[in-house]
Amino acid sequence: MRIRKLVAGVTLGSALLVGAVAAPAQAAPAPATQAVSTASVMGDMVFYDDFWTQSECKQVGRDGQKAKMWKVYSCQKSLWDWDLYVGY
């Protein structure tokens, strides 16, 4: 008797877990018209290079701006380093 209740509880718990995991997969996909490129998200800025420190990224950004290689720059934190984006 006790084993039957345990099995019934596991089956019910498994069904709830599968239902919770499957629910997000049933969401309607976004229309193709809402797809946005990385360049437009960054305001037409493009990836230039990555750097280990924020100060190094900013220094290269300022140097490129002074040399008129680009008009604006932005240093963005990524998972393990800093990415320099520039706008022309």
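Pull up the range 66-88, narrow it to residues that are part of a loop (DSSP other than H, G, I, E, B) and basic (Lys, Arg), then point me to the one that is least open to solvent (accessible area, probe 1.4 Å). Outline the logic, then answer.
Kept after step one, since they are part of a loop (DSSP other than H, G, I, E, B), are these residues of the range 66-88: 67-71, 78-81, 88.
In the following step, the residues that additionally are basic (Lys, Arg) were identified as 68, 71.
On the way: LYS68: 173, LYS71: 147 Å².
Of everything passing the filter in the range 66-88, LYS71 is least open to solvent (accessible area, probe 1.4 Å).
How about the range 41-65: which of its residues are open to solvent by less than 80 Å² (accessible area, probe 1.4 Å) and among the hydroxyl-bearing types (Ser, Thr, Tyr)?
Result: THR53, single match.
The values are calculated or read from the model by the stated rules, or taken from the named source; none is laboratory data. Quick caveat: nothing in here was measured; it's all calculated off a predicted structure. We work out accessible area using only protein heavy atoms, side chains counted, and drop any ligands, DNA or RNA first. Shrake-Rupley method; radii C 1.70, N 1.55, O 1.52, S 1.80 Å.
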